[in-house]
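Presented below is the structure to which this report refers.
Since every read-out is calculated from the coordinates, none of them should be taken as a lab result. Everything quoted here is computed from the prediction, not taken from an experiment. Neighbour counts are summed over all protein chains in view; Cβ atoms, including those assigned to glycine, are modelled from backbone coordinates with ideal geometry.
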Amino acid sequence: MNEQKFPPARILGIESSCDETAASVVDDGRMVLSNVVASQEEIHAKYGGVFPEVASRQHIKTVYTVVEEALAQAHVGLDDIDAIAVTRGPGLAGSLVVGLNMAKGMALGSGKPIVGVNHLEGHLYSAWIDPADSIDEQEAPPEFPVLALIVSGGHTELILIRDHLQYERLGGTLDDAAGEAFDKVARLLDIGYPGGPAVQLTANGGDINAFRFPRAMMKGTWDFSFSGVKTSVLTKVRELRAELGESENDEDVDLPLKDLAASFQQAVVDVLVNKTRSAAQEFQAKEIVVAGGVSANELLREKITVGAPGRVHIPPLKYCTDNAAMIAAAGYYRFIHGHVSDLAMDAMPTWPLTEI
């Protein structure tokens, strides 16, 4: 079934919730005209995670250039934009403020309306972005009701989407998000940052059955818990070091890194896939959306399609991690439904999706 027709609108999106400074121009919530991302990955790698103060300073240095480049790549000016969408939260307060102030300044100077967007809603709408290069080749968007798994560095949540902008949170992580668990295990194994890609790369060729790490299914709820599997990896590493007669401070230890990474990755993916499939069946979802940085994981992308009730929508890799195209897409649906913000809006670092 085709999605109902909505009025056309061209949205400039701005994203600065964590350590990516991004801007994008998107037509009608689907067609990306430009998507510019300035990553701070190399800057934060030496810290093993995002350093908030450094991130906000870097946003200040790059946000103007990134927005200017997005408009240039789309071959448009502000006069051609219908509204400016910007991430209001959740995220790092100092980072959010930079993007918000940029968007407010542009809105004030141009008279264009401004739309505050929830970052998690942006991840959901990354599934509506069409990877086709022309309007004639567009794929059908997700069909409601949709069961969505948001899985990223700071969030692991199951959301039932009954229609545009209508969300019911079924459950979420009670401790570490899946992405946090990947980061912490990668740091423990000393295999690099960010943790998701590092674990995936290391797991290639590893034995998924070498170690039996726990799978916390949290029966009777739709919640998640990944602190146990992370702790189990730590315990196993300590055991292996002890068997080798080495201490935790010894760097040159011949640990079975591939097997550890593969077994850990399999445990996390098993939980994500089984919970998502079960929820889709329970709530009679027609289709599934998987979004957020961890949705780039190859094993998750492969396993989630098995036994799904219908199509499974996973964004192209460039729209899995933080980007502004998803903010512009979500902003489009907010804008056409009359959800315009005012210039007095503040950043909301802990903004639940269901309290928009």
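Using 0.36 nm times the number of residues separating Glu68 and Leu234, minus their current alpha carbon distance, what extension gain do you get?
55.2 nm
What FRET efficiency, computed as 1/(1 + (r/R0)^6) with R0 = 41 Å and r the Cβ-Cβ distance, is obtained for Leu165 and Glu53, rounded to the nearest 0.05?
Efficiency, rounded to the nearest 0.05: 0.75.
Compute the length gained on full extension between Thr221 and Lys5: take 0.36 nm times their separation in residues and subtract their Cα-Cα distance, giving the result in nm to one decimal.
Here the answer is 74.1 nm.
For the pair Ile43/Asp342, report the inter-label distance in nm, with labels modelled 7 Å from Cα in the Cβ direction.
Simple spin-label model gives 3.4 nm for this pair.
Which aspartates and glutamates have a Cα lying under 14 Å from the Cα of Lys303, excluding residues fewer than 8 positions away in the same chain?
Hits, sequence-local ones excluded: Asp270.
In straight Cα distance, which lysines are under 20 Å from Lys104, not counting same-chain residues fewer than 8 positions off?
Lys61, Lys112
Would you list, by chain and number, the lysines whose Cα falls below 21 Å from the Cα of Lys184, excluding same-chain residues fewer than 8 positions away?
Output for Lys184: Lys46, Lys230, Lys236, Lys258.
Only bridges with both residues in the chain count here: give the DSSP antiparallel percent, nearest 5.
Beta bridges within the chain, antiparallel portion: roughly 60 percent.
Under the definition of Cα pairs under 8 Å and six or more residues apart, what whole-number percent is the relative contact order of the chain?
25 percent
If packing is taken as the average number of other Cβ atoms within 10 Å across a peptide's residues, how do 31-43, 259-271, 146-158 rank, most packed first?
146-158, 259-271, 31-43
If the chain between Glu139 and Leu255 were fully stretched, how many nm would it gain, using 0.36 nm times the residue separation less the Cα-Cα distance?
Extra length available between Glu139 and Leu255 comes to 37.2 nm.
Can you give me the relative contact order of the range 146-313 as a percent, contacts being Cα pairs under 8 Å and 6 or more apart?
Computed value for the range 146-313: 28 percent relative contact order.
Between Ser24, Ser225, Ser16, which gets the highest mean-square fluctuation from a Gaussian network model of the chain, Cα cutoff 10 Å?
Among Ser24, Ser225, Ser16, the largest mean-square fluctuation in the Gaussian network model of the chain belongs to Ser225.
Calculate for the chain the 222 nm mean residue ellipticity that helices alone would give, adding -39,500 (n - 2.57) per DSSP H run of length 4 or more and normalising by residue count, nearest 500 deg cm²/dmol.
That comes out to -12000 deg cm²/dmol.
Sorted from largest down, what three extents in whole angstroms do the Cα atoms of the chain have along their principal axes?
So the extents along the principal axes, rounded to whole Å, are 68, 46, 34.
When the chain is modelled as a GNM with alpha-carbon springs shorter than 10 Å, which of Arg238, Arg169, Arg215 fluctuates the most?
Judging by the Gaussian network model, the answer is Arg238.
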